[in-house]
Amino acid sequence: MLFKDITGNELVKKQLIDAVANNRISHAQLFSGKSGNAKLALAFAYAQYLNCENKSETDSCNSCSSCLKYKNLSHPDLHLIFPVLKVNGIKNPTSDSFVNQWRELVLENKFIDINDWIDTFGIENKTGQQGSIYIDEATSIQRKLSLKNYEAEYRVVLIWLPEKMNLTVSNKLLKLLEEPPKGTVFVLVSEDANSLLPTIISRLQTLNVSDFTIEDVVDYFDGVTLEKAKQLKNITDSDFGKMKKILDDTEGLLDLFDEFSSWMRLAYRMDVSALSKWVDKIASMGRKHQKLFLSYAIKMIRECLILNFGSSNLLKTNEKEYAFISKFSPFIHEGNGVNIIEELEKSIKAINRNANAKILFFELSLQMVKFLKVKRKFAVTK
């Protein structure tokens with residue numbers, strides 16, 4: 001991965017390049033940021049730059065022996081650590097058990113989140129596991145680092161989502177993070193750094209990776225207009241991984257606004273027959289569509305709550321969405337708004353656990369019927 005191929009975050013890129021140029025390479029670093037931003041891509045670009053044999057002042061050469069191995073994430077001195085599942089009869093799973101599977105996913109999309117990774121296990125993940133970094137991983141890392149570097153000046157241990165480590169694993173890694181073997185660099189890539197132990201954080205140099213801007217969206221995705229970029233950014237909360245799925249989709253993505261507004265109208269009218277047909281339609285869509293729709297629904301409910309409290313300047317809506325929530329927002333208030341969002345979030349988790357979509361959306365629709373009939377307790381002055 002080259003720095004030039006990553007849009008945005010120019011200051012972070014410069015900081016990383018300058019550190020290498022000035023020989024101020026930290027032995028343990030944390031790339032922190034929201035889901036779907038550039039942190040993982042930047043971590044790979046940095047690891048490649050560290051070991052590039054013909055690096056320039058701005059980037060890797062992308063053609064030396066080291067760079068060619070980094071391009072497909074197969075360098076022998078790049079150790080990939082990530083959450084794993086106890087499936088396929090593997091009692092003590094480590095990242096090595098699934099590295100080819102994870103590598104393939106990341107090479108296709110470097111903006112993945114944990115749900116993308118868990119989805120690759122399909123029906124094998126019958127227990128609904130969400131992935132963990134187990135104690136055997138710490139033992140495996142210790143064993144690998146007891147050996148000399150295979151060929152590179154810097155051996156890179158990249159840990160994706162270190163917040164998935166339990167207390168025992170974290171404690172076993174503390175000493176390594178504090179005093180790693182010579183020529184070893186730890187790169188931790190986190191979406192929830194606050195969940196890491198303070199003792200872990202204290203041993204890391206933290207780089208905060210910013211969200212993508214609207215201009216970044218236009219620059220990265222071919223043919224995306226400024227207005228389309230705004231819509232994508234609002235729907236996905238700046239998550240490039242989700243944007244990529246939307247734009248790569250050739251199956252006819254749901255019109256999220258039309259589906260949401262139709263669903264709410266049917267629920268308010270308590271039209272069970274029409275709701276049943278609506279459920280059949282969305283249940284026929286893939287899980288990707290269903291999760292995206294539910295995420296969009298959460299966004300629209302939050303916009304209603306924001307409008308109710310007189311904060312229209314904080315809204316992230318287009319003209320069509322604003323026209324709808326201006327009329328719909330009185331039905332979303334302190335008596336039901338939080339409950340609706342909680343149910344929508346539960347539904348996303350249920351889909352990740354392979355729940356029956358038809359049953360899930362029908363029960364969720366009945367919940368919406370009930371919630372929309374909850375009367376407002378207090379009048380809000382705008």
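Just so you know, all these numbers are worked out from the coordinates, no wet-lab data involved. Because the structure is predicted, anything quoted here is derived from the model rather than measured. For neighbour counting, all protein chains shown are included, and Cβ atoms are generated from backbone atoms with ideal geometry for every residue, glycine included.
For this structure, a couple of remarks:
- In the chain, taking the dipole from charged Cβ atoms about the Cα centre, the farthest positive-side position among T184, N37, Y322 is held by Y322.
- Here the translational diffusion coefficient of region 12-162 follows from Stokes-Einstein with Rh set to the Kirkwood radius across Cα pairs; for 10 °C and 1.306 mPa s it amounts to 96 µm²/s.
- Each Lys and Arg contributes +1 and each Asp and Glu -1, all at the Cβ; summed about the Cα centre of region 322-378, the dipole is approximately 180 debye.
- For region 146-216, radius of gyration divided by Kirkwood radius, i.e. Rg to Rh on alpha-carbons: 1.03
- Ranked by the mean number of other Cβ atoms within 10 Å of their residues, highest first, the peptides 317-324, 259-266, 34-41 come out as 34-41, 259-266, 317-324.
- Most simply put, the chain has about 5% antiparallel DSSP beta bridges, counting only bridges with both residues inside it.
- With helices as the sole contributors, the chain gives -15500 deg cm²/dmol at 222 nm; each DSSP H run of n ≥ 4 counts as -39500 (n - 2.57), and the sum is divided by every residue.
- Debye equation applied to the C-alpha atoms of the chain, log10 I(q)/I(0) at 0.06, 0.11, 0.13 Å⁻¹: -0.28, -0.87, -1.12
- What the Kirkwood sum gives for region 237-382 is a hydrodynamic radius of 15.9 Å, with every pair of different alpha carbons counted.
- With the simple spin-label model, which puts each label point 7 Å out from Cα in the Cβ direction, the T225 to A21 separation comes to 4.1 nm.
- In region 90-214, the ratio of gyration radius to Kirkwood radius, Rg to Rh, stands at 0.96 when only Cα atoms are counted.
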